[in-house]
Amino acid sequence: MKKIVQKEQPIAKEQVIRLLLTLQEDAVAAIGESNEAIDELRLTWLGKESEFAKLASCMRTVKSEDKQQIGAVLNGVKKSIESALSSRHVYQTSQASSSSDWFDTTVPGDLPPQGHLHIVSQAIDEITDIFNKIGFTRVRHPEVDWDWYPFESLNMPHSHPASDEWETFYIRYPGVPGSDYKKQKIVLTPHTSNGQVREMEKGVLPIRMINIAKCYRRQIDVSHTPMFHQFEGLYIDKNVSIGHLKGVLDYFAKHCFGPDRVTRIRPFHFQFTEPSFEVDISCGICSGKGCKLCKEGWLELGGAGMVHPIVLTNGKVDTKKYNGFAFGWGVERAYMMKSNTNIDDIRLIYGNDVRFLKQF
Ligand code: DAH
């Protein structure tokens, strides 16, 4: 700013006032835009060497009758500059804190959302581990298969009413020209039992397999979904008895559901086992005494039985030397029966609602 006042020169009232008001205008505008430190700005605009100080010193030379008026203007200008300085101070402080590069590295960060295995994958891993410990190896067989494997190879001739029960999805497929009837129709497997003859066809005995796979049936309600999972155990060796089957069932019940749980087998009918059983597990709530949930103390787990000789023959196993047992249960169903899960509708498992899934 150019010098406007020469020290000690007498100066007219109007001129002083005009200079003061111009100074006020310049100062307020300059302070508002400046990034200089507040102390520097104060020195520039109100310090000893400032134009304001020089104008203030004019008070000594102005006429005494003008002193009061000039004094009032001087005070007003000073107040305006002070208030411009203090608002600039507030602004600079807030800017300084928001644009600071510094951050505290010791403050714990926000965890990014982390997923985990789906409840069914967890169940599959757990079931696989339990059976691995007694020598059953997890195998995979097709989930889309020739209908021979889930039906006819298992002693269910095509016209047999037993095949209706599965509510099967058929794939539109013209069949393999010139091939035998085993390669004519393709289905989405309605159960993992299709793996039985497929495993026997590998030609390696004894067999201790656990086949865990997706299955499909045309059903949907609280306890059924069109796609679900089963685990199928197959044990083929010499001199296998129902006692061995019962031992494996109890072993599984204790390891999957808890040490106090036991199983019972009830006579039933399946085309591919003889004798056949339904397997129940003692209720975890009343320990087999009978309660509201189970009624009679038992919950139904799935099917089992001694492998039918026709099935063994279809798998080219010598029935004079070998026999075995098989069982097949739903993965979701077994998991829902664990007392700590409290899942009362199987469809929740496939609803993909994260609020539900993250509980497991
Ligand atoms: N596959 C049968 C079903 O889906 C369950 C079953 C019953 C499997 C008896 C077996 C068995 O291996 O021996 O209902």
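The values are calculated or read from the model by the stated rules, or taken from the named source; none is laboratory data. Note that the coordinates shown come from a computational prediction; the quantities given were computed from them, not determined experimentally. Neighbour counts run over all protein chains shown; Cβ positions are idealised from the backbone, glycine included. With ligands, DNA and RNA removed, areas are computed over all heavy atoms of the protein, side chains included. Shrake-Rupley method; radii C 1.70, N 1.55, O 1.52, S 1.80 Å.
If you check LYS254, LYS246 for being more than 14 Å from the ligand (Cβ to nearest atom), in a helix (DSSP H, G or I) and free of Cβ contacts under 8 Å to residues at least 60 places away in the same chain, only one passes: LYS254.
Given the options LYS78, LYS67, name the one that is without any contact (Cβ under 8 Å) to a residue 12 or more places away in the chain and surrounded by 13 or more Cβ atoms within 10 Å (Cβ to Cβ). Walk me through how you get there before you give the answer.
Details: LYS78 fails: without any contact (Cβ under 8 Å) to a residue 12 or more places away in the chain.
Going through LYS78, LYS67 in turn, the sole match is LYS67.
If you go through the range 284-331 and keep only what is among the aliphatic types (A, V, I, L, M), in a loop (DSSP other than H, G, I, E, B) and within 16 Å of the ligand (Cβ to nearest atom), you end up with just VAL317.
For the subset of the range 125-153 comprising residues that are of a type in the set (Val, Ile, Thr) and over 16 Å from ALA213 (Cα atoms), which member is least open to solvent (accessible area, probe 1.4 Å)?
Of the residues in the range 125-153, the ones of a type in the set (Val, Ile, Thr) are 127-128, 130, 134, 137, 139, 144.
Next cut, over 16 Å from ALA213 (Cα atoms) only: 130, 134.
Values: ILE130: 12, ILE134: 51 Å².
Ranking the qualifying residues of the range 125-153, first place goes to ILE130.
Among the conditions (1) among the β-branched types (Val, Ile, Thr); (2) open to solvent by 40 Å² or more (accessible area, probe 1.4 Å); (3) at pLDDT below 95, THR313 misses just one, which is (3). Restricting the search to strands (runs of 3 or more DSSP E) fully inside the range 154-240 and requiring at least 3 residues that are open to solvent by 70 Å² or more (accessible area, probe 1.4 Å), under 19 Å from VAL279 (Cα atoms) and within 13 Å of the ligand (Cβ to nearest atom) gives an empty result. Restricting the search to the range 285-307, which residues are surrounded by 19 or more Cβ atoms within 10 Å (Cβ to Cβ) and farther than 30 Å from GLY324 by Cβ? CYS294, the sole residue that qualifies.
Answer yes or no as to whether ASN239 is of a type outside the set (Lys, Arg) and closer than 21 Å to ILE124 by Cα. Answer is no for this residue.
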